[in-house]
Amino acid sequence: MLRFLARRGLSMAATLLVAAIVIFVVLEILPGDPAVAMLGVSATAENVAAIRLELGLDKPAFTRFLYWISGLFVGDLGISYSYRVPVAQLIAERLAVTVPLALLAQMLAVLMGITLGVFAAARAHSRLDAGIMALSQLGVATPNFVFGILLILAFSLTLGWLPAGGFPGWGEGGWRALRALALPAFSLSLPQAAILARITRSAMLEALSEDFIRTARAKGLTRGQIIRRHALPNALVPVITMIGLQFSFLVTGTIIVENVFSLPGLGRLVIQAIGGHDVILLKSLVLLFVGAVIVINALVDIAYGIVDPRLRKMPR
Amino acid sequence: MRRALSHPSFMIGLVLTGFIVTIALLSLFWTPHDPGKMQILQRLRPPSVQFWLGTDQFGRDIASMLMVGARNALLVGIVAVGIGFVVGMMLGVFAAQHEGSLLDEILMRLLDFTFAFPAVLSAILILTFLGPGVVNAVIAIGIYSVPIFARLARGAALQVFSRDFIRAARLAGCSRLSILRRHVLPNIAGLMIVQASLQFSLAILAEAGLSYLGIGTQPPNPSWGRMLFDAQTYMARAPLVAVFPGVAIAMAALAFNLLGDGLRDLLDPRLKER
């Protein structure tokens, strides 16, 4: 077990390092002179020189890379070029929006997806099943930002129940903040819930066809008992795999959804950093997103290894 | 053929795809109005006989813009999926041919690694480097789909290589290339085409997302994602302006998803989702 953990941890660290190198190369080395890229064609020579000094471009690339990576460990990511604030501080502020948003969306997706999937499987090949599956097809095909706009139309502009965008901050009371996150989380969760519903349905059908279900039925258990106690727990393994995979979609989904709802989170910051040609900010932000995905994937793998020792062998 | 006709999701997918392709082709010759023509006096009009789906904030005809947008979406899909399909298949089959070699190992590790970069993020990274625009968006989406096709092709080709008829063909003196062309490629084509259809829908969604964020297709070229973004500002006054492009995006993605699901069932009944 320890060996498995060590090996998985090491491979995660290696992937993170390669990811950091790729990001650094793409953002700082490939564009030629990042100072010119940041300032645009109309830049004066003095401005370019000043920004070169700020970026540390007078030093070799390898030194700059090491400086950035070592800064990551002590929380010193440099000063954002466009905001004039430490990058670490900017990211910390924005995390308070993006993390609750992603968690809320994941919760909604799991709740809706599993419930619908179980209902569809319990009434397989009925009209209810066909209806749920048709809805899930639509859900998979509709991107979260389209859902977002439709939800704003319905719940903000027409019914006036929820705000159409913006974020009051947590200081104004949790309820107001949660209300601001409700529609974004909902639109983020709908496509994921649709995928989960499909996976849950097919896993449930698989489980329901097993022999132990027949035994349970012969014992005289009710339909509800069979589904709750025997079918659902057995169907959960593929469902949990999907939830793990989905979390990375949710994390990157925040990039678009935060822009739909003008939420001051990390996703909006990415687009603002691109707009402001803020390479200093952007490289740490992108690494944060990619790092989150890599760490989540590793955690899902480790969870499997704990649940099922056969899976401790590294996948090829 | 009869099986195809009686397969509901395949037929719905086929009809929807046919509709979108027809609209896109038609837009090459005819649109109800000039999609670029601004008529400020006619701005944000509701649907009418003159403007079937109404007008946008510049008084441009939405129906005409959606038609040209369909062309844009299909082109993005064709080129992006084409890049992924061709490059991915070559890499995958090549890796399968050299299974277990160092090259195969390196290739597979590289592909594993690209999965750590989520689609939107890698597209953003590539677009930051290449600059915004529809051509670069297509390249970004295409690059992202290479590993998906490569893995699929490798797995499928490995299976084909282990079959007896390949050994027979080798013994009969067929060259490597002719084995690939006559035996391997036809046998993995079905699987690849199914994946291509599903990737097509993802490509359309990705382009719409990038254009919504302002780093995909640039104005004045009509793009469904960009139309949605523009419409959001005027949504309180003209809600339908935002609804139509959203419906178009979802319909196109749905069309290719259903087509892919249907093709999968028809080409290989064993893979049928229960």
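What the table shows:
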read-out	value
Positions within segment A:256-273 being crowded, with 24+ Cβ neighbours inside 10 Å and β-branched (Val, Ile, Thr), in sequence order	A:Ile256, A:Val257, A:Val260, A:Val270
Of all residues making up segment A:203-241, the number that are open to solvent by 20 Å² or more (accessible area, probe 1.4 Å) and more than 14 Å from chain B (Cβ to nearest Cβ)	24
Search result, residues across segment B:167-196 that are free of Cβ contacts under 8 Å to residues at least 40 places away in the same chain and under 29 Å from B:Gly262 (Cα atoms)	B:Arg181, B:Arg182, B:His183, B:Pro186, B:Asn187, B:Ala189
Residue in segment B:129-138 that is within 19 Å of B:Gly216 (Cα to Cα), part of a helix (DSSP H, G or I), modelled with pLDDT under 80 and within 11 Å of chain A (Cβ to nearest Cβ) present	yes
The listed residue being within 20 Å of B:Ser201 (Cβ to Cβ), modelled with pLDDT under 85 and not charged (D, E, K, R), out of B:Pro118, B:Pro147	B:Pro118
Helices (runs of 4 or more DSSP H) enclosed by segment A:70-183 - at least 3 residues per element that are under 25 Å from A:Leu282 (Cα atoms)	A:87-122
The lone exception for B:Arg154 - which of (1) within 14 Å of chain A (Cβ to nearest Cβ); (2) open to solvent by 40 Å² or more (accessible area, probe 1.4 Å) it fails	(2)
Long-range neighbours under 6 Å by Cβ, at least six apart or interchain, first residue within 10 Å of another protein chain (Cβ to nearest Cβ) within segment A:143-168, second of a type in the set (Val, Ile, Thr)	A:Asn144/A:Val257; A:Phe145/A:Ile256; A:Phe145/A:Val260; A:Val146/B:Ile249; A:Gly148/A:Val257; A:Gly148/A:Val260; A:Ala164/A:Ile152
Meets criteria (of a type in the set (Lys, Arg) and either touching an Asp or Glu at 6+ places or on another chain (Cβ under 8 Å) or open to solvent by less than 60 Å² (accessible area, probe 1.4 Å) (or both)) for A:Arg94	yes
Residues within segment B:29-65 that are free of Cβ contacts under 8 Å to residues at least 12 places away in the same chain and open to solvent by less than 90 Å² (accessible area, probe 1.4 Å), tallied	1
Test for A:Arg176: is it within 13 Å of chain B (Cβ to nearest Cβ), within 24 Å of the chain's Cα centre (by Cα) and among the basic types (Lys, Arg)	no
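Listed here are the residues, each with its yes/no results for (1) part of a helix (DSSP H, G or I); (2) of a type outside the set (A, V, I, L, M, F, W, C); (3) touching a Cys at 6+ places or on another chain (Cβ under 6 Å).
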| position | (1), (2), (3) |
| --- | --- |
| B:Leu152 | yes, no, no |
| B:Arg181 | yes, yes, no |
| B:Val184 | yes, no, no |
| B:Gln199 | yes, yes, no |
| B:Ile215 | no, no, no |
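The values are calculated or read from the model by the stated rules, or taken from the named source; none is laboratory data. These figures come from a predicted structure and were not determined experimentally. Note: ideal-geometry Cβ built from the backbone for every residue, glycine included; neighbour counts use all protein chains shown. Side chains are part of the model used for accessible areas, which takes the heavy atoms of the whole protein and leaves out ligands, DNA and RNA. Shrake-Rupley method; radii C 1.70, N 1.55, O 1.52, S 1.80 Å.
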